[in-house]
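Down below is the structure, laid out as structure tokens.
The values are calculated or read from the model by the stated rules, or taken from the named source; none is laboratory data. Just so we're clear, the structure is a prediction, and the values are computed from it rather than from any experiment. Heads up, the Cβs are rebuilt from the backbone with ideal geometry, glycines too, and the neighbour counts pull from every protein chain shown.
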Amino acid sequence: MKIRTEFVRVVSVLVVLALLAFQGLTPIVGQEQDEDVRGAFLTTRPNTAEKSSPGSTPTKRSRRRPKTPPSKPNGDAVVPPGSVAKPDDHKPRVRTPKLGLGLTLFARDANGLAVRVDPARVFRSGDRVRALLETNADGYLYVFNTTDGGKPVMIYPNPELDEGGNYIQSHVPFELPATVAEQERLRWLTFDKYAGTERLFFVFTREPLPAVPTEDDLINFCRDNEQKCPLEPASELWAQIQSEMSAPLQVARADKFGKSQTAAEQVASTRGLGLSKEDPEPSLVMMATSPNTHLLVAMLELIHK
């Protein structure tokens, strides 16, 4: 599958996160260790999720950076420069979670339904897939792509998606491509006739990457410099991402597939609602090994024959 310039090309490359043979990831051996990884990821899900009212108008939470300063992971509010924080001995302190990403891959079956499929399978021309992504902390998502060993390009954030934003809220899932898209071609990724090797460098950070345009800056840049978009990362940034590849990650994979997407998963992703502990778990969970890590990087490879 080659990288093309239209909107479908952009979302398709994002979805290939789920069509993977693992490369450079620390394997999880044994059911107990697998459950530890899943438990650490799911512990920050609320016990009960926010539910939408019947007949309410679908809304999407913005991917733009919040205008009000978020709370620090330890539960303390961000203090503006020059101010002094007031101690609050009665305020509970929250442990910083290890950065984690959950991913579930759905394929369209013969009846047009979305069913869970094994991310390690080999996909063929004509197959249609969609990915559901979930993080365990608020942060910023970046995806870089190389095709057959070529130059890297940043395919998310993208000026045609989410207003160029890439802010992700904890346990609020989102689909790529989207179920609610008006056109059928934008609801699924359909594998074309071109085989190739797609590598995705998935970067999830607590703070925005420096010198990487997003939102209006990205939209304006790509409007005025169409030939330079998708952006190629600066050599210094790409070297940093490659260096972070050596950091260990824990990976847990489900071994049961074939179930249809639940109504809760679909409503949560289309209306910007969070998932709870009672909702289905991601098929694939990738987590940093240290809570002090502020940058999670994983290289994932697509196999399309």
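What the table below lists for this structure:
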{"quantity": "Any chance Phe174 is under 14 Å from the mean Cα position of the chain (by Cα) and of a type outside the set (D, E, K, R)", "calculated": "yes"}
{"quantity": "Flag if Thr270 is surrounded by 18 or more Cβ atoms within 10 Å (Cβ to Cβ) and outside any loop (DSSP other than H, G, I, E, B)", "calculated": "yes"}
{"quantity": "Residues of region 217-232 that turn out to be surrounded by fewer than 16 Cβ atoms within 10 Å (Cβ to Cβ) and more than 17 Å from Gly150 (Cβ to Cβ), as a count", "calculated": "6"}
{"quantity": "Within region 217-271, tally of residues that are among the acidic types (Asp, Glu) and in contact with an Asp or Glu (Cβ under 9 Å, 6 or more places away or on another chain)", "calculated": "2"}
{"quantity": "Test: residue in region 243-256 that is at pLDDT 90 or above, farther than 20 Å from Leu103 by Cβ and under 21 Å from the mean Cα position of the chain (by Cα)", "calculated": "yes"}
{"quantity": "Long-range neighbours under 6 Å by Cβ, at least six apart or interchain, first residue farther than 16 Å from Leu284 by Cβ within region 115-131, second in a strand (DSSP E or B) and among the hydrophobic types (A, V, I, L, M, F, W, C)", "calculated": "Val122/Ile303"}
{"quantity": "Region 125-179, residues that are under 18 Å from Leu237 (Cβ atoms), of a type outside the set (Phe, Trp, Tyr) and in a strand (DSSP E or B)", "calculated": "Gly139, Leu141, Val143, Asn145, Thr146, Val153, Met154, Ile155"}
{"quantity": "Filter result (crowded, with 18+ Cβ neighbours inside 10 Å and either in a helix (DSSP H, G or I) or among the hydrophobic types (A, V, I, L, M, F, W, C) (or both)) within region 233-243", "calculated": "Leu237, Ile241"}
{"quantity": "Selection from region 85-108 of residues that are at pLDDT 90 or above and touching a Gly at 6+ places or on another chain (Cβ under 9 Å)", "calculated": "Leu99"}
